[in-house]
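The values are calculated or read from the model by the stated rules, or taken from the named source; none is laboratory data. Every value quoted in this text rests on a predicted model; they were computed, and no experiment measured them. Cβ coordinates were reconstructed from backbone atoms using ideal geometry, including for glycine residues, and neighbour counts include every protein chain displayed. To get the accessible areas, we keep the full protein, side chains included, count just its heavy atoms, and leave off ligands, DNA and RNA. Shrake-Rupley method; radii C 1.70, N 1.55, O 1.52, S 1.80 Å.
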Amino acid sequence: DCERALELDPKFVRTYVRKASIHFYMKEYHKCLDLYQKGLAIDPNNQEMKDGLAQTMMAIQRQQSNGEVDESQVQHAMQDPEIQSILMDPMVQSVLKQLSEDPSAANHVMRNPDMARKINKLIAAGILKTG
């Protein structure tokens with residue numbers, strides 16, 4: 001179990017790779033990104049982590065560019081407490097409303113690091129589509 005392995009040794013980068021791979025195949029890209037970033041914070045030169053991060057980013061871009069909504073991915077993401085929390089945040093709700101009315105406001109919104117993190121997490125989870 002990856003959770004147990006991380007409890008025993010939170011600096012064992014291989015565990016982050018394995019756990020991220022599991023999330024990748026479940027299309028939980030938002031979780032992959034977090035894990036790869038945590039692993040790279042421990043070992044910035046780890047090629048397997050860099051490759052996994054690149055693979056995840058490409059999957060998110062493919063998902064965004066094909067224009068299709070993966071309903072099972074969205075339903076699965078909506079069960080995630082972190083995603084639920086982001087969607088319940090009044091500031092996020094306000095920003096999403098603003099973006100739906102004025103997409104050009106994205107540049108301004110994404111200057112706020114906390115809001116950018118939340119919006120990017122929704123994009124990676126398949127909840128929010130761009131373009």
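Once a ≥ b ≥ c are taken as the square roots of the eigenvalues of the Cα gyration tensor of the chain, is the result rounded (a/c under 1.5), prolate (a/b larger than b/c) or oblate (a/b not larger than b/c)? Walk me through the numbers on the way to the answer.
Numbers: a/c = 1.85, a/b = 1.78, b/c = 1.04.
Prolate, because a/c is 1.5 or more and a/b exceeds b/c.
In degrees between 0 and 90, to the nearest 10, how far off the longest principal axis of the chain does helix 113-124 point, with axes built from Cα atoms?
Tilt of helix 113-124: around 80 degrees.
Quick one: net charge of Leu35's neighbours, Cβ under 11 Å, K/R +1, D/E -1? Mind dumping the intermediate values first?
Values: positive: Arg18, Lys19, Lys31, Lys38; negative: Glu28, Asp34.
Taking every Cβ under 11 Å from that of Leu35, the sum is +2.
For the range 37-79, what does the alpha-carbon gyration tensor say about shape, rounded, prolate or oblate, given a ≥ b ≥ c as the root eigenvalues, a/c under 1.5 as rounded, and a/b over b/c as prolate? Let's see the in-between values first.
On the way: a/c = 4.56, a/b = 1.97, b/c = 2.32.
In terms of gyration-tensor shape, oblate.
Which whole-Hz couplings ³J(HN,Hα) result when phi for each residue of the range 92-99 is put into the Karplus expression 6.51 cos²θ - 1.76 cosθ + 1.60, θ = phi - 60°, listed in order with x for Gly and Pro?
5, 4, 5, 5, 4, 5, 4, 5
Using θ = phi - 60° and the Karplus form 6.51 cos²θ - 1.76 cosθ + 1.60, what ³J(HN,Hα) does each residue of the range 72-87 get, whole Hz, x for Gly and Pro?
Along the range 72-87, the couplings run 5, 5, 5, 4, 5, 5, 5, 7, 6, x, 5, 5, 4, 4, 4, 5 Hz.
With a 1.4 Å probe and all protein chains left in place, how much accessible area per residue does the range 32-94 have, in Å²? Mind showing how you got there, number by number?
Numbers: 3900 Å² over 63 residues.
Accessible surface, normalised per residue, equals 62 Å².
Quick one: order Met91, Met26, Met110 from most to least accessible surface, probe 1.4 Å.
Met91, Met26, Met110
Please report, in debye to the nearest 20, how large the charge dipole of the chain is about its Cα centre when each Lys and Arg carries +1 at its beta carbon and each Asp and Glu carries -1 there.
In total the dipole reaches around 260 debye.
Placing +1 on the Cβ of each Lys and Arg and -1 on the Cβ of each Asp and Glu in the range 1-96, which of Leu35, Val92, Gln73 has its Cα farthest towards the positive end of the resulting dipole?
Leu35
Using 0.36 nm times the number of residues separating Val74 and Gln55, minus their current alpha carbon distance, what extension gain do you get?
4.9 nm
Of the heavy-atom accessible surface of the chain (probe 1.4 angstrom), what whole percent is carbon and sulfur? Don't skip to the answer; put the middle values down first.
Working: 4430 of 8120 Å².
Carbon and sulfur: 55 percent of the exposed surface of the chain.
Label the range 49-102 by shape, choosing from rounded, prolate and oblate, from the square roots a ≥ b ≥ c of the eigenvalues of the Cα gyration tensor; if a/c is under 1.5 it is rounded, and otherwise prolate applies when a/b is larger than b/c, oblate when it is not.
Since a/c reaches 1.5 and a/b is larger than b/c, the shape of the range 49-102 is classed as prolate.
Using 7 Å Cα-to-Cβ label points, what is the Ala105/Met88 separation (nm, one decimal)?
With each label point 7 Å from Cα toward Cβ, the separation is 2.4 nm.
Could you give me the ³J(HN,Hα) list for the range 25-33, computed from phi with Karplus coefficients 6.51, -1.76, 1.60 and θ = phi - 60°, whole Hz, x at Gly and Pro?
So the J values, rounded to whole Hz, are 6, 8, 6, 9, 5, 4, 6, 4, 4.
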